[in-house]
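Trainee: Once you've had a glance at the structure underneath, I'll fire off some questions.
The values are calculated or read from the model by the stated rules, or taken from the named source; none is laboratory data. Keep in mind that what you see is a predicted model, and the values were worked out from it rather than measured. Don't worry about glycine lacking a Cβ; one is built from the backbone with ideal geometry, like all the others, and counts go over all protein chains shown. Areas reflect the complete protein model, heavy atoms only, side chains present, ligands, DNA and RNA absent. Shrake-Rupley method; radii C 1.70, N 1.55, O 1.52, S 1.80 Å.
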Amino acid sequence: GGRRLGRVRVTGGEAGYCVVGAGPGGLQAALELESAGLDYVVLERELAAGSFFRRLPRFGGLISINKARSPAPGPDGARFAMRHDWNSLLAPGDAPPWPRDDRRRFTAWTGEYYPSARLLADYLAAVADSELSSKR
C-alpha cells in the first residue's frame, strides 16, 4: 500500500515507486499504484493535494470546462461525457463504458461550466484523503 500526503521526514525505508507532486497527474498515478497494491510514496511540497489550485490561477477560476450536463445519447454517451470531463480523476482500471454517476467525477461536485480553482483543490484533497492508503 501507499503512504499519505503531507509533510513527512524521510528517514529510511523503501518504496517501489515515487510519485512527485499531488496534483491531478500525481494523484492519478498514485490511485493506479494503490489499486495495483504496489508500494509507493507521494512527495508533495504542500500539506494537501491540489494545493497549486489554492494559489493559481490568480483570478480563481479554471479555464478547463466542466461539462456536468453533457448529453449522453445512445451506447456511446458515457464515453462522450468522460471525454469532455477535463477535471475528473479516473477510477483505477476505468475503461468504457464509464459510469456517469461515479462519485469520483468532478462533475458531481459542481455544475458550473468554469468552476473555481479552489473547488478543484477541495475535490483533489477529498479524493486523496478517501482513496489513498493511510499507511506510513
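Trainee: Please determine, by comparing only the residues of segment 1-32 that are touching an Asp or Glu at 6+ places or on another chain (Cβ under 8 Å), modelled with pLDDT of 90 or more and not in a loop (DSSP other than H, G, I, E, B), which one is surrounded by the fewest Cβ atoms within 10 Å (Cβ to Cβ).
Mentor: Tyr17
Trainee: Would you be able to tell me the number of residues in segment 33-42 that are among the hydrophobic types (A, V, I, L, M, F, W, C), within 20 Å of Arg104 (Cα to Cα) and surrounded by fewer than 16 Cβ atoms within 10 Å (Cβ to Cβ)?
Mentor: Of all residues in segment 33-42, those among the hydrophobic types (A, V, I, L, M, F, W, C) come to 33, 36, 38, 41-42.
With within 20 Å of Arg104 (Cα to Cα) added as a condition, the list becomes 33, 36, 42.
Then keep just the ones that are surrounded by fewer than 16 Cβ atoms within 10 Å (Cβ to Cβ); that gives 36.
Selection size over segment 33-42: 1.
Trainee: Here is a further query. Which one of Ala95, Ala91, Ala68 is modelled with pLDDT under 80, in contact with a Ser or Thr (Cβ under 7 Å, 6 or more places away or on another chain) and part of a loop (DSSP other than H, G, I, E, B)? Steps first, please.
Mentor: On the way: Ala95 fails: in contact with a Ser or Thr (Cβ under 7 Å, 6 or more places away or on another chain); Ala91 fails: in contact with a Ser or Thr (Cβ under 7 Å, 6 or more places away or on another chain).
Unique residue meeting the criteria: Ala68.
Trainee: Restricting segment 43-71 to residues that are among the aliphatic types (A, V, I, L, M) and either open to solvent by 50 Å² or more (accessible area, probe 1.4 Å) or over 18 Å from Ala91 (Cβ atoms) (or both), which is nearest to the chain's Cα centre (by Cα)? Walk me through it before giving the result.
Mentor: So in segment 43-71, the residues among the aliphatic types (A, V, I, L, M) come out as 43, 47-49, 56, 62-63, 65, 68.
Add one more test, that the residue is either open to solvent by 50 Å² or more (accessible area, probe 1.4 Å) or over 18 Å from Ala91 (Cβ atoms) (or both), and what stays is 43, 47-48, 56, 62-63, 65.
Working: Leu43: 15, Leu47: 16, Ala48: 12, Leu56: 17, Leu62: 15, Ile63: 17, Ile65: 16 Å.
Out of the qualifying residues, it is Ala48.
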